[in-house]
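The values are calculated or read from the model by the stated rules, or taken from the named source; none is laboratory data. Just so it is clear, the structure is predicted and the values come from calculations on it, not from any experiment. Cβ placement follows ideal geometry from the backbone for every residue including glycine, while neighbour counts extend to all protein chains displayed. Ligands, DNA and RNA are stripped out before the accessible areas are found, and what is left, the full protein with its side chains, is counted by its heavy atoms. Shrake-Rupley method; radii C 1.70, N 1.55, O 1.52, S 1.80 Å.
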Amino acid sequence: MALRAVLQLLCALGVFHKGLTSVIETQQTVMAAVGEEAQLNCQLMQSKDVQQVTWQKLLPEGEKNLATYSKYFGQKVNAGFEEKVEFKCAGLQNSSIVIRKVTEQDEGCYLCLFNTYPEGALTATTCLLLYELHEPILHVGESISPEEAVVSCSATGRPAPTVRLTVPHHNSSSVTNTNGTVTVTTTAVLPRLHGNSTQVGCAVRVLSGPQIEVFTMNPEIRQPSADGFDEESETNNSDRSRTWIILPVVLVAFVCVVAAVIITARRKQKNPNSLSHRDSEENKKNNTSIQEPDE
């Protein structure tokens with residue numbers, strides 16, 4: 001971490017600039033998100049007899065060649081960087097490279113070198129700064145007062161992100177994590193309006209990188225009715241009233257059915273043969289009616 005900070009400071013101060021840098025146009029600082037691509041550009045502003053363009057990374061122990069381009073040998077990426085570096089624009093007057101899936105090890109300063117004849121080397125330096133920013137979390141919770149809500153927005157990034165709520169009078173706190181990222185939390189207390197919900201937004205950013213915005217709703221307070229209860233309470237009370245009306249009716253019907261079943265069962269127990277006796281009498285009558293008369 002300390003080494004990167006020193007490199008960034010030296011790059012910003014122009015310590016690494018060599019040669020006639022005024023004839024080369026480049027970005028002094030390039031920012032990229034961790035895991036994404038970073039593009040470094042150099043353009044020679046004067047017409048020169050350029051023999052070769054070389055890209056190098058500046059390290060404490062010296063320069064390390066990454067890639068070269070010449071008219072006769074074309075473009076070449078040095079061993080160990082084939083999967084990391086590629087030419088975006090290969091030319092003798094305008095050159096750019098892309099560094100894929102940048103990590104902490106890629107952070108630092110890079111040198112583009114135009115080998116000209118007869119002037120010699122013309123160089124310019126670009127410093128690559130990485131940032132990291134995760135999706136913010138926006139939450140609306142209850143406060144001590146029922147007419148207020150607590151809004152909080154948290155974001156984690158490297159370096160420390162800027163977290164802004166779309167409401168006034170908010171407070172911020174930060175925590176440094178073990179992986180070097182910083183979590184910043186911003187909170188505010190909002191009044192909850194009667195009969196109207198409001199939208200709350202949170203915007204987060206690291207350095208001059210792209211801004212991420214999230215939104216949520218601050219729920220409304222229900223309007224109280226004339227008798228001092230809100231609509232939800234009235235609905236609940238009416239539901240309870242209907243329940244108390246229906247329940248006795250169901251119970252009475254159930255008791256009647258049970259009583260009828262019990263009475264029928266008892267009658268059968270007292271006269272078990274009554275039905276069979278009645279049936280035999282019926283059978284006798286039927287047999288008598290269908291018997292032919294005696295001659």
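In this structure, Glu36 qualifies as outside any strand (DSSP E or B) and either open to solvent by less than 40 Å² (accessible area, probe 1.4 Å) or at pLDDT 90 or above (or both).
Hey, among the residues in the stretch 153-166 that are part of a strand (DSSP E or B) and not polar (S, T, N, Q), which one's nearest to Ser70 (Cα to Cα)? Talk me through it step by step, then tell me what you get.
Let us first name the residues in the stretch 153-166 that are part of a strand (DSSP E or B), namely 153-158, 162-165.
Subsequent filtering for residues that are not polar (S, T, N, Q) retains 153, 155, 157-158, 163-165.
Details: Cys153: 52, Ala155: 46, Gly157: 41, Arg158: 38, Val163: 47, Arg164: 49, Leu165: 52 Å.
Taking the candidates together, the pick is Arg158.
Put simply, of Gly91, Gly74 the only residue that is more than 37 Å from the chain's Cα centre (by Cα), under 23 Å from Glu119 (Cα atoms) and at pLDDT below 90 is Gly91. Has the stretch 173-185 got at least one residue that is open to solvent by 30 Å² or more (accessible area, probe 1.4 Å), in contact with a strand residue (DSSP E or B) (Cβ under 7 Å, 6 or more places away or on another chain), at pLDDT 90 or above and under 14 Å from Glu135 (Cβ atoms)? Yes: the stretch 173-185 contains one or more residues that are open to solvent by 30 Å² or more (accessible area, probe 1.4 Å), in contact with a strand residue (DSSP E or B) (Cβ under 7 Å, 6 or more places away or on another chain), at pLDDT 90 or above and under 14 Å from Glu135 (Cβ atoms). Of all the numbered requirements in (1) at pLDDT 85 or above; (2) under 20 Å from Glu142 (Cβ atoms); (3) surrounded by 12 or more Cβ atoms within 10 Å (Cβ to Cβ), Val163 misses one, and that requirement is (2).
What's the total number of residues in the stretch 95-123 that are within 39 Å of the chain's Cα centre (by Cα) and of a type outside the set (Lys, Arg)?
First, pick out the residues of the stretch 95-123 that are within 39 Å of the chain's Cα centre (by Cα): 95-112.
Filter again for of a type outside the set (Lys, Arg), leaving 95-99, 102-112.
Final tally of qualifying residues: 16.
Given Glu107, Glu142, which one is open to solvent by less than 20 Å² (accessible area, probe 1.4 Å) and among the acidic types (Asp, Glu)? I'd like the intermediate steps shown before the answer.
Values: Glu142 fails: open to solvent by less than 20 Å² (accessible area, probe 1.4 Å).
Every option except Glu107 fails the conditions.
Going by the conditions given, is Cys202 modelled with pLDDT of 90 or more and either within 30 Å of Leu44 (Cβ to Cβ) or exposed (fewer than 12 other Cβ atoms within 10 Å of the Cβ) (or both)? Walk me through how you get there before you give the answer.
Details: modelled with pLDDT of 90 or more: yes; either within 30 Å of Leu44 (Cβ to Cβ) or exposed (fewer than 12 other Cβ atoms within 10 Å of the Cβ) (or both): no.
No.
Scanning the stretch 145-160 for residues that are crowded, with 19+ Cβ neighbours inside 10 Å and of a type in the set (Ser, Thr, Tyr), which turns out nearest to Val214 (Cα to Cα)? By that ranking, first place goes to Ser154. On the stretch given as the stretch 1-30, residues that are surrounded by 13 or more Cβ atoms within 10 Å (Cβ to Cβ), modelled with pLDDT under 90 and not in a loop (DSSP other than H, G, I, E, B) total 8.
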